[in-house]
1. Which trypsin sites (Lys or Arg not before Pro) in the stretch B:232-330 sit in a loop by DSSP (not H, G, I, E or B) and have at most 14 other Cβ atoms within 10 Å of their own Cβ?
2. Quick one: if you stick a label point 7 Å off each Cα along the C-beta vector at B:E235 and B:R265, how many nm between them?
3. I'm checking a number: the convex hull volume of the Cα atoms of chain B, normalised per residue, in Å³. What is it?
4. Which residues in the stretch A:31-68 have a backbone N closer than 12 Å to a point placed 7 Å from the Cα of A:I94 along the Cα-to-Cβ line?
5. Among A:T120, B:V343, A:V61, which residue has its Cα furthest toward the positive end of the charge dipole of the protein assembly as shown, with +1 on Lys/Arg Cβ and -1 on Asp/Glu Cβ?
6. Just to confirm my numbers, what's the Cα centroid distance between the stretch B:169-189 and the stretch B:92-135 in Å?
7. Could I get the Rg over Rh figure for the stretch B:124-255? Both from C-alpha atoms, Rh via Kirkwood, rounded to two places.
8. Under a cut-off of 20 Å between alpha-carbon atoms, report the lysines in cross-link reach of B:K57, not counting same-chain residues fewer than 8 places apart.
Amino acid sequence: MSDRINEKKFICIMCPLGCEVTVKSDESGQITEILGNSCKKGETYARDEFTEPMRVLTSTVAVEGARFARLPVRTSDLIPKDRIFDCMKEIQKIRVKAPVKLGDKMIENILGLGVDIVATRDLSL
Amino acid sequence: MKNISTDIIIVGAGPAGMAAALKAYEMGIKNILLVDRLPEPGGILQQCVHNGFGLQKFKEDLTGPEFADRYIKKLGNTGINVMLHTMVMEMTRDRKMIISNDVDGLIEVAPKAIVMAMGCRERTRQQVSIPGTRPSGIFTAGVAQRFMNIEGYLPGKEVVVVGSGDIGMIMARRMTLEGAKVHAVTEIMPYPGGLTRNVVQCLNDYNIPLYLKHNVIDIRGRDRVKAVKIARLDEKGKPMNGTFEIECDTLLFSVGLIPENELSRMISLELSHATGGPFIDDNYQTSREGVFICGNAAFVNDLADYAGTEGEIAGEAAAKYLNDSLEAGTKARVVAGDNVRFVVPNFITREDSVTLYARVTQPMLDVTVSSSGGIINMKKQIVKPSEMIEINLDSEKLKKIKGLKELMIDVRPNK
């Protein structure tokens, strides 16, 4: 039982090979072994996924005065995976007004993560 | 009837069509008409709000709308006539067209060259023959995507996705982010239909179960979907005993795409069973001279980046056709061999450089991609149906192909 807790498996997405990489760690969470990867990239990928997985979050926000009801947005940079739903809550709260330009900040420094929510297209009136 | 004179008409302003228009313009053709039935250019990219676009073409990780914007901004700096809300109603073999919109009504166009870039359509429940009732709440994944990302409607709250195509997996994540519960993604094959990156980042990240070798065998519900019955499939693809039921209000189908063929059929282009699109040569010219086709209308691509590249080739070729400089060289037919579902373009005529795209039938480890005459010999660690193999042919290889009638492409295990 305790062995399994200290073993995490990841499918590497660095190339089409899709290696299943196993990361073993000790009780303090320190990585002890990385197995199953075919290359160096796979090791880095698994290490990052184990320690702090990061993602780009894309979504849409409600927009007024435009031809469409939604404006597509993204995080300007990677955010921690476990903050995705917290960020979604903030994104769902806002309503913006057209016109909007691609790259305009819809939310600045979301949840203090040092990342903005930006528009990913122009939307005119 | 109103009449518009144009050298080239391009049908569809998605990545392929926009790229074709820009390239033809760059080649010196100034009288270009680009039509699209949507109210804005960009095509399906506008509803693909997720990232993963542009890695090949721009070496950047862009969202669909950002990828589209690169082309749209360029279009704005040209004299290309972009007509939106406009549909092609009729097209004849001698390149006469009737197009229509809500301002001008019917318009006659007699272009010297045509580039078709209409994209593809989603396969539906009917095409995969799922039994059951016919309640509301059943969508193709792309339609649900448009409802959510553009119109602002959540299609449902308790969801099952049938088929593990990329759009299905992306919609599983998208609906989860907006508060829906995605109970399952089913896939009849023993491997996922879409890219690994989507299995990991759209399903695994959100603990959405992927049932490989499973299918929905019954849909229940009178007014709205109530539940689906799911069965495991045996080796022959037949449902086995021991089914289970999932209560849900929404079903999304992500069961494959087919090139849009309405116009291709109007001018009697012969369609390939393997790709679902017309036969094409390496200039993306169809069997009708002066009629070109690119992007997903020609064959279904993995990436919008490829559609852009094909559009450039078709746009350049259309421009050359107008200048009488499109060489009609000898043709070598490209044929799908072992473990190849299709390989395109179907004919090689060019002498400078050609990229072939091959889609395998089955996933395989440690293979060699080879051809008749030993001209192609590429080792690959892995091949999958979801990721086309790119085969680049330089002038030296093309010289060798010139003498051949047929170039057969095989993908075989190295053992």
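The numbers here are math on the coordinates, done by the rules we state, and not lab data. In this text, all values refer to a predicted model and were calculated from it rather than measured experimentally. FYI the Cβ positions are ideal-geometry reconstructions off the backbone, even for glycines, and counts take in every protein chain you see.
1. Details: sites: B:R232, B:K236, B:R265, B:R288, B:K320; in loops: B:K236, B:R288.
Answer by residue number: B:K236.
2. Each label point is offset 7 Å from its Cα along the Cβ direction, giving 3.9 nm.
3. Working: hull volume 62.8 nm³, N = 415.
Each residue corresponds to 151 Å³ of Cα convex hull volume.
4. A:59-63
5. B:V343
6. Here the two parts' Cα centres lie 29 Å apart.
7. Working: Rg = 13.5 Å, Rh = 14.4 Å.
Radius of gyration relative to Kirkwood radius: 0.94.
8. Of all the lysines, those that pass the test against B:K57 - Cα under 20 Å, at least 8 places apart if same chain - are B:K23, B:K73, B:K74.
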